[in-house]
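Notes follow the structure.
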Amino acid sequence: MSSVKTTSTMDKSIRSVWKSTQMYIAFHKDQNKRQSRKKELKEKSRYRVMRLTSST
């Protein structure tokens, strides 16, 4: 009886660790996307300012 309980506990622990790992990876991927998106928007705004100042 205890082996069934232990297996069930191990399954729950493994699932919990797996879910935590997935969330950790997803969070860091999202952070990287946000940083690259910020950089991209910054470059676009810099280009727009240069265009506006050079045309006047």
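Summary table below
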quantity: Backbone HN-Hα couplings from phi across the range 34-46 [Karplus 6.51/-1.76/1.60, Hz, Gly and Pro as x]; calculated: 5, 5, 5, 5, 4, 5, 4, 5, 5, 5, 5, 5, 5
quantity: The chain: mean projected area of Cα convex hull, nm²; calculated: 3.3
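Each value in this text was obtained by applying a stated rule to the coordinates, not by laboratory testing. As the structure is a computational prediction, the values presented were derived from the model and not from experiment.
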